[in-house]
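The values are calculated or read from the model by the stated rules, or taken from the named source; none is laboratory data. This is a predicted model, so every value here is computed, not measured. FYI the Cβ positions are ideal-geometry reconstructions off the backbone, even for glycines, and counts take in every protein chain you see. Each accessible area value is taken on the protein alone, full model and side chains, heavy atoms only, with ligands, DNA and RNA left out. Shrake-Rupley method; radii C 1.70, N 1.55, O 1.52, S 1.80 Å.
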Amino acid sequence: MSAHEGTVPAQRAHAAATTGSPGGRWAAWRPVAGADLRASIVVFLVALPLCAGVAVASGVPVELGLVTGIVGGILVGSLPGSSLQVSGPAAGLTVLVADIVGSQGLKALGAVVLLAGLLQIGLGVARLGRWFRAVSTAVVQGMLAGIGLTLVLGQVYLLADRPQEGNPVANVTGFPAALASLPGDPRALTALGVGVGSLLVLRVWKHAPARLRIVPGPLVAVLLATLVTVAAGLDVDRVEVQSLLSVVTPLTPASLEGLAPLAVLGAAVTVALIASAESMFSASAIDRMHTGPRTQYDKELVAQGVGNGVCGLLGALPMTAVIVRSSANVNSGAKTKASGVLHGVWLALFALAAPALLGLVPMAALAAVLVQAGWKLVAGIPFRRLWATSRSEVAITVATIVAILTLNLLEGVAVGLVLSLVKAAVQASSLRTRVREEAEEVHLEVSGSATFVRLPQLADTLEAVPADRPLTVHLAEPDKLDRACREALDTFVEQREARGAQVSVRTPDQDQEPEPEPEPEGHRA
């Protein structure tokens, strides 16, 4: 066989691989396509109850949660960024959305989400995606735990078909009275039985055989609760369902009338920052779970912004990349972005073809799903390990949680950020001072770096310097003193000189003895 003839089989194989003939490119992709199809069904089953539950907890129609899931799957899933992340409505934003809807009305939601999406696009274009990973982990954990506790404290009332009292503090203080009134309310007891039963199913499902755990626990809990309540004819609150197209209210200039611009802007900035941070942290976590293409953070941030922009135009819920759906996607064997896109297609088909099925779902079952989701946000913080390694991190986390529960989400996160910046300033400062007394003179040695947080230490040292002898101040690293510390030192010197004391300030160059000049060649011995 000639060399030319020997290349024919290879050419045919190459042609088969590039034309889609049997054994070619499409055959090689079949296992991938099958894995993505299976994963998309699992993610759809996980997303369905969560989309509905997040919408209910946010105080908006259930269909708006499905719209956000559809946009997050089909649109955001098609854009470049992260290969296996799945986006949709997130439990982490329910508290903020409920506050927006409660204070400004549902019409403000579209404007807030659209503006948040535009901010995300701007941040991504400015290549700031990776900088969200620089936010202190203690603040992020405190934010998620604060949101989780707020969610639990509110949804625990809905387990018994009772309206929550209001903010987290009111929910806590009202809990004893709500418990005391349960025995006299058979309808509430029935709903509580459904809710507690759903929680038990969610708890024990992880111990079921592996082949059964292919079906997600939230779906099992909701299905069982629906079947029991329908079969037994139980009188409990159920999800209110409308036509998908009748619920979607596109954003128009008329819908912006009467809105407070500053309130809308503040809410949009908060949504953009929290959604972006949660998406970027989710991307980092998902990248550690698979060996496929890594996340392109700036492109992912733009994709999230585009998705939120579209959701805002449709008046739907804001979205983030959601760790629960994303991890289910990876664990189900997804290989490409097709799984996330397909899960959005299944959500769209369900919302258009069978929305009435949601009307059979008990509210107590959805509350149970959200109670578990909220508790996972709290339980995910490794307090014991943090306490052993960095107690300051624990303090920042706890302070952020308390501030969120007692104030609100935005102010709570701001408190955490301020505390983390103070901690960073303290760690960046390494001021060292020493007072050395001699018979005729006092020496003050100042070295290391110092920020404003070291000002009390410096002030205490300056006050302790004896005033009965001349003083020499040795500044080992004058460029490492910030303005506050340098002004304090300058003021001390000026006041001492004003009282007639002799003070000199020396830097390393001044402290060094001048080297003797070399003698001319002719004068050498």
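Counting residues in segment 79-89 that are in a helix (DSSP H, G or I) and small (Gly, Ala, Ser) gives zero.
Within segment 249-274, being within 15 Å of Leu128 (Cβ to Cβ), within 11 Å of the chain's Cα centre (by Cα) and at pLDDT 90 or above holds for one residue alone: Ala272. Residues in segment 90-106 that are open to solvent by 60 Å² or more (accessible area, probe 1.4 Å) and in a helix (DSSP H, G or I): 3 in all.
I'd like the full set of residues that are within 30 Å of Glu393 (Cα to Cα) and either part of a helix (DSSP H, G or I) or open to solvent by 60 Å² or more (accessible area, probe 1.4 Å) (or both), limited to segment 432-472. Correct list: Arg432, Phe452, Val453, Arg454, Leu455, Pro456, Gln457, Leu458, Ala459, Asp460, Thr461. Among the residues making up segment 374-383, those that are surrounded by fewer than 22 Cβ atoms within 10 Å (Cβ to Cβ) and part of a helix (DSSP H, G or I) are Trp375, Lys376, Val378, Ala379, Phe383. Consider segment 83-109 and keep the residues that are in contact with an Asp or Glu (Cβ under 8 Å, 6 or more places away or on another chain) and farther than 18 Å from Val310 by Cα. The one that is modelled with the lowest pLDDT is Gly92. As a summary of the residue check, Thr137 satisfies the conditions (1) open to solvent by 20 Å² or more (accessible area, probe 1.4 Å); (2) more than 20 Å from the chain's Cα centre (by Cα) except for the one numbered (2). A count restricted to segment 129-160 and to residues that are assigned to a loop (DSSP other than H, G, I, E, B) and modelled with pLDDT of 85 or more stands at 2.
Could you grab me the full set of residues in segment 205-241 that are assigned to a loop (DSSP other than H, G, I, E, B), open to solvent by 20 Å² or more (accessible area, probe 1.4 Å) and closer than 22 Å to Gly193 by Cβ? Passing the criteria: Gly233, Leu234, Asp235, Asp237, Glu240. Any residue at all in segment 107-123 that is within 30 Å of Thr397 (Cα to Cα), open to solvent by 10 Å² or more (accessible area, probe 1.4 Å) and under 13 Å from the mean Cα position of the chain (by Cα)? No, every residue in segment 107-123 fails to be within 30 Å of Thr397 (Cα to Cα), open to solvent by 10 Å² or more (accessible area, probe 1.4 Å) and under 13 Å from the mean Cα position of the chain (by Cα). Considering Ser87, Ser103, Ser40, the condition of being farther than 25 Å from Gln372 by Cβ and of a type in the set (Gly, Ala, Ser) is satisfied by Ser103 alone. Kindly establish whether Val247 is in contact (Cβ under 8 Å) with a residue 24 or more places away in the chain, closer than 30 Å to Lys107 by Cβ, touching a strand residue (DSSP E or B) at 6+ places or on another chain (Cβ under 9 Å) and surrounded by 13 or more Cβ atoms within 10 Å (Cβ to Cβ). For Val247, the condition - in contact (Cβ under 8 Å) with a residue 24 or more places away in the chain, closer than 30 Å to Lys107 by Cβ, touching a strand residue (DSSP E or B) at 6+ places or on another chain (Cβ under 9 Å) and surrounded by 13 or more Cβ atoms within 10 Å (Cβ to Cβ) - is not met. Taking the conditions (1) assigned to a helix (DSSP H, G or I); (2) modelled with pLDDT of 90 or more in turn, Leu45 satisfies each one other than (2). Restricting segment 287-313 to residues that are open to solvent by 30 Å² or more (accessible area, probe 1.4 Å) and polar (S, T, N, Q) leaves a set whose member that is farthest from Val56 (Cα to Cα) is Thr291. Residues of segment 384-431 that are open to solvent by 60 Å² or more (accessible area, probe 1.4 Å) and either closer than 26 Å to Leu50 by Cβ or not in a helix (DSSP H, G or I) (or both): Leu407, Asn408, Leu410.
For segment 314-373, filtering for residues that are of a type in the set (Val, Ile, Thr), modelled with pLDDT of 90 or more and open to solvent by 20 Å² or more (accessible area, probe 1.4 Å) leaves 2.
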